[in-house]
Structure formats: structure tokens, C-alpha cells
């Protein structure tokens, strides 16, 4: 499933090249002109948002995995849209993972007593 997020508005679909058969994620990113280095919000291997910057223009690619299973592809055409996307959607992912990390720290601390 893919979308475009443009200055607060969601649009079904995007102009990114379709996935090819047996194509891995990094190859898909590179073919669409995006860096393979991400800024990540959320859990390391579960619910998270990853943002990749274009190597060709000033757009961004968002990979959103809200449940740890399904991934949504989001084309973000410019920096203002990116900042709105992070403000509105990445913050809850980060807050949830911070809470989980604090719980892990407290559990470890209790075990060390």
C-alpha cells in the first residue's frame, strides 16, 4: 500500500517505481533515488517509521510499519511535508518505544537489587 503525504494531506498512491519481483528493500530504495540510511522512530524491529532522503531531489520516503507486520510506503515531496509528517505521526511511535525502554530499564534495575 502506498500513499503521498503532502503538507498535511493524504493522497492514495505515489509516483515511486513499483517493486520488482524478488527485489530487496535497499535495491528498491536505490532504484527510486533514495539513500539507504534512515532516521528511525519507534521500536527497532517492530512498530516503527523509517525516513529516507532522496539523493536526486529534496523529497523523502517513509516506511511505516504500525503493527510490526504490514508496511506502508509514503512519498513525502518536500521538507515542510516531512516536518508535518514527523510532528503528526512519528511522535507517537517514539513515545511508545521510550515507554517500553524505560520499562526494560526498570526491570533490569529491580533484578540487580
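Every number here is computed from the coordinates shown, using simple stated rules; none is lab data. Quick caveat: nothing in here was measured; it's all calculated off a predicted structure. Every residue, glycine among them, receives a Cβ derived from its backbone with ideal geometry; neighbour counts consider all protein chains shown.
Which entry is the computed Cα Rg over 2.2 N^0.38 Å for this structure: (1) 1.39; (2) 3.05; (3) 1.21?
(3)
Which of 75, 89 comes first, and how do the rest follow, when ranked by fewest Cβ neighbours within 10 Å?
Values: 75 21, 89 16.
Listed from fewest to most nearby Cβ atoms, that is 89, 75.
If each residue of separation counts as 0.36 nm, what is the full-extension length gain between residue 57 and residue 84 once their alpha-carbon separation is subtracted? Write out the running numbers ahead of the final one.
Working: separation 27, 0.36 × 27 = 9.72 nm, distance 1.87 nm.
Here the answer is 7.9 nm.
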